[in-house]
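Submitted below is the structure of interest, expressed as structure tokens.
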Amino acid sequence: MFGFCSYNESMIEKVHEEIDVLVLYRRGGSRRRGAPQKFSWRGRVIGIQNIDMHHTVREGRHLYHVFSVSDGTRYFRLKFNSENLAWTLEEFSDGLAD
């Protein structure tokens, strides 16, 4: 009988909390690009080392920018609401197996 290894699975916690984010905007041809640099969550400032993925999602008339980022050990999913300009921490992972 074969089993599945779970060594690469990590604990993902759903958060859905508003956060403050420092964003760096750069010119890039005809488009400006915003990249989160650090964010404040539960009294701690978390520096972003990598932006692993960015995509947009439309929910009704709202356009959201979703960033998958890491601080070197933990992974976070940040969501930017382009209508009300609010940031939300959607989920995070400590990088450790359950």
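Read the figures in this text as sums done on the coordinates, not as results from a lab. Since this is a predicted model, take the numbers as computed values, not measurements. Glycine gets a Cβ as well: all are built from the backbone with ideal geometry, and neighbour counts include every protein chain shown.
Which value, in debye to the nearest 20, describes the size of the charge dipole of the range 14-93 about its Cα centre when Lys and Arg Cβ atoms bear +1, Asp and Glu Cβ atoms bear -1, and nothing else is charged?
360
So, one more: Taking H placed 1.01 Å from N in the peptide plane, check which residues at least 5 places from Ile19 or on another chain put their amide H under 5 Å from its amide H.
When sequence neighbours closer than 5 places are left aside, the close amide H contacts are Trp87, Thr88, Leu89.
Next up: Ordered by residue, what ³J(HN,Hα) values in Hz, to whole numbers, does the range 17-28 give under the Karplus form 6.51 cos²θ - 1.76 cosθ + 1.60, where θ = phi - 60° and Gly and Pro are x?
Using θ = phi - 60°, the values come out as 10, 5, 9, 9, 10, 9, 10, 9, 9, 10, 6, x Hz.
Each residue of the range 62-72 in turn: what ³J(HN,Hα) in whole Hz from Karplus with 6.51, -1.76, 1.60 and θ = phi - 60°, glycine and Pro shown as x?
Using θ = phi - 60°, the values come out as 8, 10, 10, 9, 10, 10, 9, 10, 9, 9, x Hz.
In addition: What net charge do the residues around Val45 carry, taking every other residue with its C-beta under 14 Å from that of Val45, with Lys and Arg at +1 and Asp and Glu at -1?
For residues surrounding Val45, the net value is +2.
Using only the alpha-carbon atoms of the range 14-93, report the extent along each of the three principal axes, biggest first, to the nearest angstrom.
34, 29, 19
Starting at the first residue of the range 35-40, write each ³J(HN,Hα) from the Karplus equation 6.51 cos²θ - 1.76 cosθ + 1.60 with θ = phi - 60°, in whole Hz, x for Gly and Pro.
10, x, 9, 7, 8, 10
Once label points are set 7 Å from the Cα along Cα→Cβ at both Asn81 and Gln49, what is their separation, rounded to one decimal in nm?
3.2
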